[in-house]
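The values are calculated or read from the model by the stated rules, or taken from the named source; none is laboratory data. This is a predicted model, so every value here is computed, not measured. Backbone-built Cβ (ideal geometry, glycine too); neighbour counts: all protein chains shown.
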Amino acid sequence: MQSRPTGRAMPRRADSADSLDAALRPGLAEREAAGLYRRRRTVQRLPGGRARMAGRDYLDFCSNDYLGLATDPRLAEAASEALKDYGTGSGAAHLITGHCPVHEQLEQALSEFTGRPRALLFSTGYMANIGIAQALVGRGDSVIEDRLNHASLLDAALASRAKLIRYRHNDVEDLGRRLQQAPGRRLVMSDSVFSMDGDIAPLRELAGHCREQAAWLMVDEAHGLGVCGPEGRGAVAEAGLGMNEVPILMGTLGKALGGFGAFVAGSETLIEHLIQHARTYVYTTATPPAMAAAVLTALAISREEAWRREKLAELIALFRSEAERAGLTLMPSETPIQPLQLGDAEHAVARSRALEEAGYLVQAIRPPTVPAGTARLRVTLSAAHSSDDVLGLVRALARVSETLA
């Protein structure tokens with residue numbers, strides 16, 4: 001017998017989207033209350049170390065465009081010509097039909113640049129790091145990393161399912177002790193230039209410990225390539241280390257080289273192994289050929305125009321000396337990354353906003369990007385800046401520090 005309607009509305013079950021939103025809102029509110037909420041901004045990059053946001057122009061001291069190549073018209077011209085030849089996208093993974101002649105040319109150029117037999121393009125540095133770890137180690141093995149390594153390196157270890165072991169920042173003795181205790185195959189992964197502190201890893205000492213204990217050393221040159229070493233070959237080259245000491249070298253193409261993507265350089269056997277086993281290479285669409293063409297041009301410019309690195313070094317020295325004169329305490333760094341540690345996240349955000357009002361973009365870096373209690377302003381310098389730009393920034397930093405003390 002069919003029941004009659006009662007006239008009362010049946011209770012409505014929560015939609016899946018409503019349930020998801022209800023579960024996520026408290027976490028967002030908690031992050032907001034702690035001063036850790038991140039917000040995107042729509043920014044147009046301009047030549048000369050400038051940026052435009054909401055109709056106003058700023059001096060940009062946030063970018064990793066260390067050599068000022070990202071807005072160089074020669075890169076745009078190279079990309080434009082490649083667009084005519086190849087179209088907008090690669091259309092497939094490298095192992096299907098996505099590996100174009102210009103990709104091959106870039107790999108050969110990077111191989112020669114790094115002094116290694118082969119180079120292999122990846123779509124991003126994050127994917128390169130994960131691909132390296134997954135292809136080389138697994139359950140029962142160990143990945144040993146500096147505590148301040150970039151998130152991509154830490155995630156690479158976790159994705160590999162090997163045991164993640166972390167040593168104290170730049171402490172080679174601690175690395176040595178932990179290597180002795182690490183099971184299975186042992187892969188040591190380290191940044192060359194640490195992206196939030198701006199200091200450089202003790203690469204010769206790291207290589208020595210790895211050699212003594214038969215571990216493999218991988219170095220991430222994301223912030224060293226183009227800036228450090230002869231012709232900008234990186235911190236590994238600056239330390240005088242070759243493939244025997246650092247068998248796995250990763251570099252990114254979207255910072256000093258002003259483009260996009262990444263690569264791994266090493267032996268013929270290493271590259272062939274990655275082609276077969278690095279899932280983030282095998283199962284990913286190749287980068288657009290036009291971007292590879294732009295990076296080829298950037299690589300040539302960065303090697304030929306040494307004045308860019310010379311000017312950058314002069315600006316770094318000027319910024320540090322003027323900051324000291326102004327009573328600003330910087331973290332120790334000889335690289336374009338010049339952090340001003342403040343400790344409290346809210347203080348860092350307040351100073352960043354005050355600088356923005358004065359016409360300067362300087363990013364506040366907060367946990368979890370950096371350890372709790374070490375929030376900072378991260379100043380990044382570029383060869384596109386002028387001495388007057390840097391002097392103006394120091395004056396603005398001093399005014400803001402005095403006002404918000």
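What pairs come up if the first residue lies in the stretch 352-380 and is not assigned by TED's automatic domain parsing to the domain that holds ARG320 and among the aromatic types (Phe, Trp, Tyr), the second is surrounded by fewer than 17 Cβ atoms within 10 Å (Cβ to Cβ) and not in a strand (DSSP E or B), and their beta carbons are under 9 Å apart, counting only those six or more places apart or on different chains?
Pairs found: none.
Being modelled with pLDDT of 95 or more, more than 24 Å from the chain's Cα centre (by Cα) and surrounded by 11 or more Cβ atoms within 10 Å (Cβ to Cβ) is the requirement here; does GLY49 meet it?
So GLY49 does not fit the description; no.
Do we find that ALA290 is outside the structural domain of ASN64 (by TED's automatic domain parsing) and modelled with pLDDT of 95 or more in this structure?
Taking the combined requirement at face value, the residue satisfies it.
Can you tell me which of (1) in contact with a Pro (Cβ under 9 Å, 6 or more places away or on another chain); (2) crowded, with 18+ Cβ neighbours inside 10 Å is the one LEU154 doesn't meet?
Unmet for LEU154, out of (1) in contact with a Pro (Cβ under 9 Å, 6 or more places away or on another chain); (2) crowded, with 18+ Cβ neighbours inside 10 Å: (1).
With part of a loop (DSSP other than H, G, I, E, B) and in contact with a helix residue (DSSP H, G or I) (Cβ under 8 Å, 6 or more places away or on another chain) as the only criterion, which of CYS210, CYS228 stands out?
Going through CYS210, CYS228 in turn, just one is part of a loop (DSSP other than H, G, I, E, B) and in contact with a helix residue (DSSP H, G or I) (Cβ under 8 Å, 6 or more places away or on another chain): CYS228.
When you go through (1) without any contact (Cβ under 8 Å) to a residue 12 or more places away in the chain; (2) of a type outside the set (D, E, K, R); (3) under 24 Å from ALA78 (Cα atoms) one by one for LEU299, which number turns out not to apply?
The number of the failed condition is (1).
Quick one: in the stretch 59-80, of everything that is among the hydroxyl-bearing types (Ser, Thr, Tyr) and crowded, with 21+ Cβ neighbours inside 10 Å, which residue is farthest from LEU225 (Cα to Cα)?
So the residue we want is SER63.
Which numbered condition trips up LEU270, out of (1) at pLDDT below 95; (2) part of a helix (DSSP H, G or I)?
Of (1) at pLDDT below 95; (2) part of a helix (DSSP H, G or I), only one is false for LEU270: (1).
Among the candidates ALA384, ALA313, which residue alone is under 24 Å from GLU221 (Cα atoms), assigned to a helix (DSSP H, G or I) and of a type in the set (A, V, I, L, M)?
Being under 24 Å from GLU221 (Cα atoms), assigned to a helix (DSSP H, G or I) and of a type in the set (A, V, I, L, M) holds for just one of ALA384, ALA313, which is ALA313.
For the stretch 124-151, how many residues meet the condition of being surrounded by fewer than 22 Cβ atoms within 10 Å (Cβ to Cβ) and of a type in the set (Ser, Thr, Tyr)?
Qualifying residue count for the region: 2.
Would you check if LEU377 is modelled with pLDDT of 95 or more, in contact with a Lys or Arg (Cβ under 8 Å, 6 or more places away or on another chain) and either closer than 19 Å to ARG325 by Cβ or not in a loop (DSSP other than H, G, I, E, B) (or both)?
Criteria met by LEU377.
Find all pairs meeting these conditions: Cβ atoms under 8 angstrom apart; at least six residues apart or on different chains; first residue within the stretch 49-61 and over 14 Å from HIS385 (Cβ atoms); second residue among the polar types (S, T, N, Q).
Hits for this filter: ARG52/GLN44; MET53/THR42; MET53/GLN44; ALA54/THR42.
Evaluate the stretch 81-99: report whether one residue or more is surrounded by 13 or more Cβ atoms within 10 Å (Cβ to Cβ), under 19 Å from ARG303 (Cα atoms), among the polar types (S, T, N, Q) and under 25 Å from the mean Cα position of the chain (by Cα).
Taking every residue of the stretch 81-99 in turn, none turns out to be surrounded by 13 or more Cβ atoms within 10 Å (Cβ to Cβ), under 19 Å from ARG303 (Cα atoms), among the polar types (S, T, N, Q) and under 25 Å from the mean Cα position of the chain (by Cα).
Which of the residues spanning the stretch 210-235 are crowded, with 23+ Cβ neighbours inside 10 Å and either more than 24 Å from ARG378 (Cα to Cα) or not assigned by TED's automatic domain parsing to the domain that holds ASP141 (or both)?
Across the stretch 210-235, the qualifying residues are CYS210, LEU217, MET218.
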